Structure formats: C-alpha cells, structure tokens
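The values are calculated or read from the model by the stated rules, or taken from the named source; none is laboratory data. Note that the structure is a prediction, hence the values are computed from the model and not measured. Don't worry about glycine lacking a Cβ; one is built from the backbone with ideal geometry, like all the others, and counts go over all protein chains shown.
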Amino acid sequence: MSRYEEVARVLRERIENGEYQAGGTLPRYEELTQEFSAGRGVIAGAIAVLEREGLVRPVKRRGIVVLERLERRRIQRGHLIMRDPQRGYVFPAATHPGEPWDVHGRPVREYVPASDRAAELLGVPPGTPTLRRRRITSPAGEPPFQLVDTWLSAEAVRDAPRVGDASTGPGGYLDRLEEAGHGPIRWTEYTRTRMPNRDECAALEISPEMPVLETAIVGTSAQSSNVLEVTVRAIPADRVELVTELRRADSASWPTEPVQP
C-alpha cells in the first residue's frame, strides 16, 4: 500500500467511525501534513481517493467537507416506454412508484451553446445555440441526485414552438412534437460513465474526482428521420447502480439435452 493510500485508509476509518461527521470538515492540509509526517502531495492523493469514493468534497472557503453517505439506488433498466394520461410518456428512471421527489432550484429554459455530447447526438456543430430545458431533481429531502438536460433541435422548435414554454401542456413537450407531425417518435438510449464537467460538479454538489453515470435518450422524428431531442441525464456514480434481469434463451433451457456421443 502506498503512503497516500495509508493516509486515505486512516481518514476513511475516522469518517466511518464518526470522528469526522457529515457536514463537518477534515483537518486543514497543514495539520494533516504534520500529523502524518507527509508532504502535501501525499495528503492531496489521499483526499483524491476519498473524493472518488464520495466521502468528501472540497468547498471554497470551507475546506474539505465530509459528505453524508447515501444508499445507492438500484435502477431496473428495462426497454419499455409507458404512458401516463397526465404526464405523457414515462421512461425507465430512478424513481419508485409513488415516491416524492424534489426539484432543486427552478427549471431553466434557455438558448445556450450545445455541449459536445448534445451536438454529437443532434448532428450539429459543437457550440451551436440550442434550446435547453434543464432541471435538477432528487428523492425528497436528499441532495441533488440527477441533472437532466433536454436539448431540442431547431426543427423541433420551429414545428412545435410550445416546447420552449414553461408549461408545455398535458403530455409535455413530446406530445407537442408528435402533434406537430413527428409521431410516432422513436427513441434510442446510450449509457456511459465519464468524469463530470465544472457545471455538473456545481449543480450536483460533487467533487471533480467523482465520475457520473450518463444516460442519453435520443428521439427521432418518424416524419423527417431527423433527431428532434436529446435528453442527457447525469447521476453521481456513487448514488446508483444498474440492475438487469438476465433471462435464458431457448438454447440455455433446463434441463439440458443430453450430449450425443
């Protein structure tokens, strides 16, 4: 075990034992270097380990803040898109039936330069001014859980102007797009892990060392075959795990057929 890993182990044990409590801070760098007789590089490496584990986060003018440990949420990733009479289409999500969720801050609708990922999936040059609908949500009473950005193409805004309104009416913006002649929309979902950008760190209150799980749902018009909307969801990696039920194909049925000599 390297020196910074040894320091990380000691600090981790103190956090788990309650010596450093959630909401409080670790000792200052100067104190830690003296206690462990180590240089700042060793202490920085140890703290980076704890950041990646979701135990601490640096906060300006406060120091290294100890985070509350939250239970990972298991998401059953299916392939079925359902429909609610009031909300419209319902995609596989991290919510459980009947569970209350909070919205952090106010949802925002604005034209901003398309991110590299949104531009790639929309098929436009990076930085193209694009209508983005943003919301930050979490289970009730918990810190921000997910940052959700929906990027709408110029074609979508042109054909269904209400997609940019605060209230898009029953069924939401997807119903407005299909009513404008683009239905039935087809969707493809992409999932990957990556490191967060500065914007996501601030919105989700996470360390730059904490990876995020990203899902991107791409909606394609049945009329023009163009991508109309891209919804990118970022969730801190320490908050979630994906669960998939594995099923046997006919070739894997039990009992197995005897092997013929």
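What strands (runs of 3 or more DSSP E), lying completely within region 200-243, carry at least 1 residues that are surrounded by 20 or more Cβ atoms within 10 Å (Cβ to Cβ)? Per the criteria, 212-220, 227-236. Just one of the listed residues (GLU51, GLU16) is modelled with pLDDT under 90 and either of a type in the set (Lys, Arg) or touching a Ser or Thr at 6+ places or on another chain (Cβ under 7 Å) (or both), and it is GLU51. Scanning region 49-75 for residues that are surrounded by 17 or more Cβ atoms within 10 Å (Cβ to Cβ) and among the small types (Gly, Ala, Ser) yields one hit, GLY54. Looking only at region 137-149, residues that are among the aliphatic types (A, V, I, L, M) and under 10 Å from the mean Cα position of the chain (by Cα) come to 2 in all.
Consider region 171-199 and keep the residues that are of a type in the set (Gly, Ala, Ser) and surrounded by 14 or more Cβ atoms within 10 Å (Cβ to Cβ). The one that is modelled with the highest pLDDT is ALA180.
Suppose the filter is closer than 21 Å to GLY172 by Cβ and either under 14 Å from the mean Cα position of the chain (by Cα) or hydroxyl-bearing (Ser, Thr, Tyr) (or both); does SER207 pass it? The answer is no for SER207.
Restricting attention to region 137-170, and to residues there that are assigned to a loop (DSSP other than H, G, I, E, B) and at pLDDT 95 or above, which single residue is surrounded by the most Cβ atoms within 10 Å (Cβ to Cβ)?
SER153
Selection over region 214-236 of residues that are without any contact (Cβ under 8 Å) to a residue 60 or more places away in the chain and either outside the structural domain of PHE91 (by TED's automatic domain parsing) or of a type in the set (A, V, I, L, M) (or both) gives a count of 1.
Only residues that are acidic (Asp, Glu) and either in a loop (DSSP other than H, G, I, E, B) or more than 15 Å from ARG233 (Cα to Cα) (or both) were counted across region 111-136, and they come to 1.
For region 137-144, state whether one or more residues are in the same structural domain as ALA234 (by TED's automatic domain parsing) and under 30 Å from GLU31 (Cβ atoms).
The answer is yes; a qualifying residue exists.
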